[in-house]
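Below is one structure; the comments refer to it alone.
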């Protein structure tokens, strides 16, 4: 048989989810605690002094931004650890010697990342209800956009996990690039609140489009057109797929 | 003669740094045999296995397994191959049974708890099936590696230094298990430093050094071709020269004429017969000897000679 090894893909997916559930307390408590702290600090302490933004309360305004903040860091970290740890321990030999190619590997890793991200999103949104009243104007688009971002950044994390040859490199991108860009990407404010030239500078930050894309699904308004947000996310996903396909074809950092 | 299950032609691998690990390997493995690949560290054993299993990208050459080109039919071929690498490598936080079930899954086999249990029982791991791998002893962890490789019932199994670092009892136990696998029809290729392991189990032996196969033959044939008999005859009184009646034999005088040393034969009985004739001649000529020690060269001696002398002299000697 030379067709896809779907059982292999399912085995990878299940294995990744089992790894997630082994640390379920940390996986749940960490986002709950972080989200609660953000709501207490930004929503209650600071938000009380800020008027409505785009027709919604400040607390409700920051919900999609906080969701994106956690989603990006958790999805990237999860996916990068998922492939880095087998490389680090040597267990990757099994994946490389098995009848699984790039398609099965991506179905397994990205599928697992998407499921984990949905769980995380559900946890964060449930936590948010304890602090603010918010509504999701386009719930199906929100679900689709969360899945799209989860898929794109799990692919990105997968690439990081293959690129990194030590734990420091594994942490560099999420901590020193993703998190700062997310904070500066309109998570806690509308970029329309910025004066020029900072508003224009902010548009260079790709996370602005992700946060605003998700914000549009929640509030129906955003600082940038939704089509651009979706287009950029899709483009990023396609680039990541291309990079991973090249990695598998050349064996870069995987095969000797 | 059995049909071939693996056919390697002109396999070469040069790493980025310029190190040549394989320099044109030709090798055919017969279905159902145990083949031992012997070689010193850095000889290319692990690279050769890696190239067949998909861990290493060859620079040149072709690999056909089960009659199919591995490069083109890798999915179909890999389903039928198992690998136990040299290093212990797994998610140590995972439970034994789950880890083995995962291995079965990624090789495309449907879940089969009964079969997993059977594999675990055969490796004395059943009682530890719910234990986390990190809590197992080193020997048990090595068994888990074997269980993972057997989970999808491979027809061709690679064992890279399977008994490295395990105690004698476990080593014997593993030899027994490998024998059982062969009895069930699994073709086994093992690399080893332990010549005793190859002598004990292998049907055929290959010697590799510096990325080249120096010799491949039946174990018995190698010993027959390259084996030597040694005899050390301690004399009552020193001899100044070897008597003319013994000049036809491969003898030398050592330790100031006190020891008559024989090195000859063919590994098939000729040496022992010649020693008997030498002793009869010594008795007939009244040369008194007080001790005899004889020794048949082992596969280890042959291996050391081959590697030390290199490919050219080895081939000449075998011919």
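The mean number of partner chain beta-carbon atoms within 10 angstrom of a residue's beta-carbon across peptide A:15-26 is 2. To the nearest 0.05, how large is the calculated FRET efficiency for residue A:129 and residue A:85 if R₀ is 25 Å and r is the Cβ-Cβ distance? Once rounded, the FRET efficiency stands at 0.15.
With kT/(6 pi eta Rh) evaluated at 25 °C and eta = 0.890 mPa s, and Rh the Kirkwood radius from Cα pairs, the protein assembly as shown diffuses with a coefficient of 87 µm²/s according to Stokes-Einstein.
Distance between the pseudo-spin-label points of residue A:203 and residue B:71 (7 Å out from Cα toward the beta carbon): 5.1 nm.
The average projected area of the stretch B:96-210, computed from the convex hull of its Cα atoms over all directions, is 7.9 nm². Look at the alpha carbon pairs under 8 Å that are at least 6 residues apart: their mean separation over the length of chain A gives a relative contact order of 27 percent.
Distance from the Cα centroid of the stretch B:119-152 to that of the stretch A:149-223 is 44 Å (rounded to whole angstrom). DSSP beta bridges in the protein assembly as shown, what fraction antiparallel, as a percent rounded to 5? Roughly 70 percent of the beta bridges in the protein assembly as shown run antiparallel, per DSSP. Looking only at B:93, B:303, B:158, which one moves most when chain B is put into a Gaussian network model with springs between Cα atoms under 10 Å? In this elastic network of chain B, the residue with the biggest mean-square fluctuation among B:93, B:303, B:158 is B:93.
Within chain B, antiparallel bridges make up roughly 70 percent of the DSSP beta bridges whose residues both belong there. Taking chain A as a Gaussian network, Cα atoms linked when under 10 Å apart, which of A:42, A:131, A:140 shows the biggest mean-square fluctuation? Among A:42, A:131, A:140, the largest GNM mean-square fluctuation belongs to A:140. Each residue of the stretch B:92-151 gets 65 Å³ once the volume of the Cα convex hull is shared out per residue. Extension gain for residue B:167-residue B:232 works out to 20.0 nm (0.36 nm per residue, less the C-alpha to C-alpha distance).
You can think of it this way: the chain between residue A:252 and residue A:115 has 46.5 nm of extra reach, that is 0.36 nm per residue less the Cα-Cα gap. The distance between label points at residue B:256 and residue A:25 comes to 8.0 nm (points 7 Å beyond Cα on the Cα→Cβ vector). Rounded to 0.05, the FRET efficiency of the residue B:245 and residue B:218 pair, given R0 = 41 Å and the Cβ-Cβ distance, is 0.65. Mean silhouette area of the stretch A:134-185, derived from the convex hull of its C-alpha atoms and averaged over all directions, reads 4.6 nm².
Each pair of Cα atoms in the stretch B:228-296 enters the Kirkwood radius, and Stokes-Einstein at 20 °C and 1.002 mPa s then converts it into a translational diffusion coefficient of 181 µm²/s.
Per residue, the convex hull spanned by the Cα atoms of the stretch A:104-256 measures out at 130 cubic angstrom.
For chain B, the equivalent ellipsoid derived from the alpha-carbon gyration tensor has semi-axes of 46, 23, 16 Å in decreasing order. A Förster radius of 30 Å, combined with the Cβ-Cβ distance separating residue B:175 from residue B:114, puts the computed FRET efficiency at roughly 0.65. Rounded, prolate or oblate: pick one for the stretch A:193-237, where a ≥ b ≥ c are the square roots of the eigenvalues of its C-alpha gyration tensor, a/c under 1.5 means rounded, and failing that, prolate if a/b is larger than b/c, else oblate. The shape class here is oblate. Could you state, as a whole-number percent, how many of the C-alpha pairs of the stretch A:1-99 are farther apart than 22 Å? Cα-Cα pairs of the stretch A:1-99 separated by over 22 Å account for 51 percent. Remark: mean inter-chain Cβ contacts per residue of A:5-11 equal 6, using a 10 Å Cβ-Cβ cutoff to other protein chain atoms. Computed on the Cα atoms alone, the convex hull of chain A gives a volume of 129 cubic angstrom per residue.
Considering only A:114, A:151, A:227, the Gaussian network model of chain A with Cα springs below 10 Å gives its largest mean-square fluctuation to A:227.
Shielding value for B:86-93 is 5, the average number of Cβ atoms from other chains within 10 Å of each residue's Cβ.
The slack in the chain from residue B:294 to residue B:41, taken as 0.36 nm per residue of separation less the alpha-carbon distance, amounts to 88.0 nm.
Every number here is computed from the coordinates shown, using simple stated rules; none is lab data. Note that this is a predicted model, so its numbers are computed, not measured. Using ideal geometry, Cβ is built from the backbone for each residue, glycine included, and neighbour counts are taken over all protein chains shown.
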